[in-house]
Every structure is written in structure tokens, then in C-alpha cells.
Amino acid sequence: MFYRDERLALFIDGSNLYAAAKALAFDIDYKLLRQEFMQRGKLLRAFYYTALLENDEYSPIRPLVDWLHYNGYSMVTKPAKEFTDSQGRRKVKGNMDIELTVDAMEIAPHVDHIVLFSGDGDFRPLVAAIQRKGTRVSVVSTIRSQPPMIADDLRRQADNFIELDELKDVIGRPPREPREMETPQQVETVET
């Protein structure tokens, strides 16, 4: 539930939202997402969090990050750490939980409602702390994927759970075909 006069802030866990939308077989149109929440209240800030591989010749997420930065999103990025696991597979680690948590705690006293786009159960204590400050929290993720992309305890803690699949017609766009130089595996690796 949203009230037209409430001050809103969006917190988007980029890799988590990407994985949830991918599990539901759609791509998010971030212009439409921002417009949707501008209609639901007074949108003060829309934060997007992601780790970036800085040393790759081409990063499939770089065009999105640049577009978001120029189109009203506050971008929070940091370099991803790359390593090889015990089986010799290339892995990328880029957790943005602390950055998102600090920013949400700082802005909570200045807004009425925070919308968290993540299903990560690690955010349950954050949601509880924000609620204790008197700020309502909605969580956007999905239970319609197999397995569900939202932790049950996070869903229960939130004041409101918004099923991402129900936003598909409002903020979705048809999935695009991968370009020749970009394989689906590359996209998935960068986003995790």
C-alpha cells in the first residue's frame, strides 16, 4: 500500500533484481520502473547497487550503469573481486549489502517509505531497524520462481511484499537476444 503524499526511496540490489527478473523471463525497463514509483508517491531517491569488473575489455553491465546514472538513479558501485575457485572456475564476488544498508539507515529518517528490490534474507535486520525508526518498508521480489527468490523471513518482516511478476506488465520489456560478443554466461557471471 502506497500513499500519494509519502516520501519514497528505492533501494535496488542490482544483481538480486536481475536474477529475479531473469527467473521470471523478463527484462526490466528502468525508466518505466522509476515512473511507476513516481506515481505511487514522492520519489526522493532511487539507488542502484552493483559491483563492476573494471579490468574486462567489455562489461555487459556498463551501458546499463551509465544509462541509470544519466537518468535519475543514484549509482553505487565498487570493483568486483575476481578469483578462481578450487575447480579452476572463474568466479566474481561483489557484495553490496553493507553499502545499501548504510545508505538506507541514513535516509530512513527523511522518508516515509523505503522500497527494497531484493529477496536477500541478510536484509531482514535492516528492514526491522528501519521500521523501528518509523519508516515503512516494502520488498519487491518473487515467490513465483523455482526456487523462490525471496527469503521467507524477509518477506514476513516487510510491511508490504510486492510480487515482481505482478509488475511485469508495468515495468517489463521483452528479453533481448544476446549480442554476438556477449554470451548469457558472461552476463550471469558479472551480475553475481
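Details
- The length gained on full extension between residue 66 and residue 95, counted as 0.36 nm times the residue separation minus their Cα-Cα distance, comes to 8.5 nm.
- Theoretical ellipticity at 222 nm over the chain - DSSP helices of four or more residues, -39500 (n - 2.57) apiece, nearest 500: -10500 deg cm²/dmol
- Gaussian network model of the chain, Cα within-10 Å springs - most flexible of 83, 123, 37: 83
- Phi-based couplings in Hz for segment 13-18 (Karplus 6.51, -1.76, 1.60; Gly and Pro marked x): 7, x, 5, 5, 5, 4
- Ranking 113, 69 from most to least accessible surface, computed with a 1.4 Å probe over the protein chains only, gives 69, 113.
- Extension gain, residue 144 back to residue 84 (0.36 nm per residue minus Cα-Cα distance, nm): 18.3 nm
- For segment 16-96, applying the loop criterion from DSSP together with a ceiling of 13 other beta carbons within 10 Å to the trypsin sites (Lys or Arg not before Pro) yields 89.
- Taking N as its residue count, the alpha carbon Rg of the chain over 2.2 N^0.38 Å: 1.01
- Restricting attention to the chain, close to 20% of DSSP beta bridges with both partner residues there are antiparallel.
- Near residue 117, the amide H atoms lying under 5 Å from its own belong to 11, 12, 13, 140; only residues 5 or more places off or on other chains count, and H is placed 1.01 Å from N.
- Rounded to the nearest whole Hz, the Karplus-based 3J(HN,Hα) values (6.51 cos²θ - 1.76 cosθ + 1.60, θ = phi - 60°) of segment 81-96 follow the sequence 9, 10, 8, 10, 7, 5, 8, x, 8, 6, 10, 10, 10, x, 7, 10, with x at glycine and proline.
- Within the accessible area of the chain (1.4 Å probe), percent carbon and sulfur: 49
- Heavy-atom surface of the chain, accessible at 1.4 Å and reported per residue (Å²): 54
- Couplings 3J(HN,Hα) for segment 33-42, derived from phi with the Karplus relation 6.51 cos²θ - 1.76 cosθ + 1.60 (θ = phi - 60°), are 4, 4, 4, 4, 7, 5, 6, 7, x, 8 Hz, where x marks Gly and Pro.
- Under 5 Å from the amide H of residue 59 lies no amide H of any residue 5 or more positions distant or on a separate chain, with H modelled from the backbone and absent for Pro and chain starts.
- Residue 2 paired with residue 133, simple spin-label distance in nm, labels 7 Å along Cα-to-beta-carbon: 2.1
- Placed amide H near residue 172: partners under 5 Å, 5+ positions off or other chain: 29
- Within a Gaussian network of the chain (alpha carbon springs, distance under 10 Å), most fluctuating of 50, 84, 135: 84
- When Rg and the Kirkwood Rh are both derived from Cα coordinates, the Rg/Rh ratio for segment 120-177 amounts to 1.06.
- Within a straight-line Cα-Cα reach of under 23 Å, residue 168 can be paired with the following lysines, leaving aside sequence neighbours fewer than 8 residues apart in one chain: 22, 31, 42.
- Treating each Cα of segment 74-177 as one equal point scatterer and applying the Debye formula with no solvent, the log10 of I(q)/I(0) at q = 0.14, 0.18 Å⁻¹ comes out as -0.69, -1.00.
- Cα centroid separation, segment 137-177 to segment 59-136 (Å): 16
The values are calculated or read from the model by the stated rules, or taken from the named source; none is laboratory data. Just so it is clear, the model here is predicted, and its values are computed rather than measured. Glycine gets a Cβ as well: all are built from the backbone with ideal geometry, and neighbour counts include every protein chain shown. These accessible areas exclude ligands, DNA and RNA; they are computed on the full protein's heavy atoms, side chains included. Shrake-Rupley method; radii C 1.70, N 1.55, O 1.52, S 1.80 Å.
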